[in-house]
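What follows draws every value from the coordinates through simple rules; no lab data is involved. Note that this is a predicted model, so its numbers are computed, not measured. Cβ sites come from the backbone with ideal geometry, for glycine too, and all protein chains shown count toward neighbours.
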Amino acid sequence: MKLLITVLIIIVSLNINAQRKAPNFKLENLDGKFVELKNFTGKGPLLISFWATWCKPCVEELEEYKKLYSDYKGNGFNIIAISTDDEKTVAKVKPFVKSKDYNFTILLDTNSEVARKYYVQNVPYTFLLDEKGNIVYSHLGYKKGDELQVKKKVETLLTSASDKTSD
């Protein structure tokens, strides 16, 4: 009986630490071109943010991610911001992005197909992927200061990637 319990504890602990591979997707960008997730992985940490123009916390969070992107894009860090605006509000996305001067990739998920793949039911929802495309962090919602935890995780991923290349 003790052996069975020990084996179950090991299995559970392995599953807790297991990383889930981010599902691949193909979405349209603001220029009408299709972009695929797999073209972004393998280069460094990747933040995926599900958001909408009507969502105030999303806008606050994206402003913080804009700063993070500016600080780390030269080190291989990238951001994909996926708008979940539907057919009624999607026309607002391009002018909104331009007014905010977001210089990271913006994609459109008007039917929430990709959001469903990622089990996103509310926005903002953030995922952080390592360079292999594994989800290493996810977070629902936004309050001031949440970006500090994301920044710390990005720095850790960048450090571990540079440690591997210097070995």
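Numbers for the structure displayed
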| quantity | calculated |
| --- | --- |
| Ordering of 88-96, 43-51 by burial proxy (mean other Cβ atoms within 10 Å per residue, highest first) | 43-51, 88-96 |
| Residue list for the range 44-58, given a label point 7 angstrom along the Cα-to-Cβ vector of Val136 and an amide N cut-off under 20 Å | 44-50 |
| Net dipole in debye of the chain [+1 Lys, Arg Cβ; -1 Asp, Glu Cβ; about Cα centre; nearest 20] | 220 debye |
| Added length on full extension, which subtracts the Cα-Cα distance from 0.36 nm per residue, Gln19 to Lys33 | 2.0 nm |
| Partners for Lys56 among aspartates and glutamates (Cα-Cα distance below 14 Å; same-chain residues under 8 apart left out) | Glu64, Asp85 |
| Top positive-direction residue, dipole computed over the chain with Cβ charges, set Tyr102, Tyr137, Leu158 | Tyr137 |
| Net length gained if the chain between Lys56 and Lys92 were fully extended (0.36 nm per residue, minus Cα distance) | 11.5 nm |
| As computed over the range 35-135, the Cα convex hull volume per residue (Å³) | 92 Å³ |
| Theoretical ellipticity at 222 nm over the chain - DSSP helices of four or more residues, -39500 (n - 2.57) apiece, nearest 500 | -13000 deg cm²/dmol |
| Candidate lysines for bridging to Lys38, where Cα separation is under 25 Å - those fewer than 8 sequence places away on the same chain excluded | Lys21, Lys26, Lys66, Lys67, Lys73, Lys94, Lys117, Lys132, Lys151, Lys152, Lys153, Lys164 |
